[in-house]
């Protein structure tokens, strides 16, 4: 790999995903701020419902709490900087801030891939091996799985972002995104990016194809187990416990597949910008809506929590 350029610290990247016209910037600010606030409020509501209701202190909701925490991290990595750029009327980001964003974004993406796979495994055990569920998914195992997920994100983000930070960047460094990611930075580098591309290929194979395949196989077993349930009400009840997770998986991996597996074209950069914005902004704001609308336990806990709050404030 080429040595790091001594002038890297003075490099400025230009994020060209934002519109240049003042009217569109104003609309964009309102839209992005709304998305950010809705993401925080929605996921904080889910977290509050899970923490405050002892009936939700189960493995499934423990991992959902982790997912809600992750979604808030996801949007916080990107949206505050986007809002700041709109207010300052500047699309510039420093080299250090860009690499930091690359690290945090990769961290969040990695954790989400692993966490969605663990949530699928939790549903597999609950539906396919129900009598051993409490033994297999005990508190110690759940804590180990969660901590492993976050540690994997930390290590993988370091492996991806460090080689990216050591590359040399030449010319006009225009990033066709709303934020910094590894792939567009590799396209801007004037260094040898063979190692970086190899790392991305391994990463996509493991965290993309590998975990997606694991989730798919897991749900094949789940569906087969549900079909063996004699009563229709039993089948519907079993399916309802994993329908929210299935919806989130389809949205997340659908965006990734469309972004990385479609044929390239002259508009690929702009389309990639839209799709990447979808899975790091739109999906986090939709997750709490999906889980609250499709989950009776969460809706009940939210209603009870706010009813108690109104009762307490009314005293």
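Observations on the structure shown:
- Degrees, to the nearest 10: 95-128 long Cα axis against longest axis of the chain: 20 degrees
- For the range 123-221, relative contact order (Cα pairs under 8 Å, six or more residues apart, normalised by length) works out to 26 percent.
- Rounded to the nearest 10 degrees, the inclination of helix 283-294 to the longest alpha-carbon principal axis of the chain is 10 degrees.
- Rounded to whole Å, sorted largest first: equivalent-ellipsoid semi-axes of the range 203-263, Cα gyration tensor: 28, 12, 8
- Cα gyration tensor shape for the range 103-197, rounded if a/c is under 1.5, else prolate or oblate: prolate
- Protection-proxy order for peptides 243-255, 70-82, 123-135, each taking the mean of Cβ atoms within 10 Å per residue, highest first: 70-82, 243-255, 123-135
- Packing around the peptides 111-120, 199-208, taken as the average count of other Cβ atoms within 10 Å per residue, puts them in this order, highest first: 111-120, 199-208.
- Within a Gaussian network of the chain (alpha carbon springs, distance under 10 Å), most fluctuating of 222, 290, 257: 257
- Taking the chain and dividing mean pair separation by its residue count, relative contact order in percent (alpha carbons under 8 Å, at least six apart): 29 percent
- Measuring how big the range 68-116 is from its alpha-carbon positions, Rg and Dmax come out at 12.2, 37 Å.
- For the chain, the longest principal axis of the C-alpha atoms and the axis of helix 211-227 are separated by about 20°.
- Across q = 0.07, 0.11 Å⁻¹, the range 10-314 modelled as identical point scatterers on its alpha-carbon atoms has Debye log10 I(q)/I(0) values of -0.31, -0.74, in the order of the q list.
- On full extension, the segment bounded by residue 237 and residue 144 gains 30.6 nm, given 0.36 nm per residue less the C-alpha separation.
- Listed peptides 88-98, 180-190 appear in the order 180-190, 88-98 once ranked by packing, highest mean of other Cβ atoms within 10 Å at the front.
- If R0 equals 25 Å, the separation of the Cβ atoms of residue 221 and residue 258 corresponds to a calculated FRET efficiency of about 0.40.
- Using distinct alpha-carbon pairs, which all enter the 1/r mean, Kirkwood radius of the range 1-144 in Å: 18.2 Å
A short reminder: the numbers here are calculations on the coordinates, not readings from a lab. Not measured: the values here are computed from a predicted model. In this analysis, Cβ positions are derived from the backbone assuming ideal geometry, glycine residues included, and neighbour counts consider all displayed protein chains.
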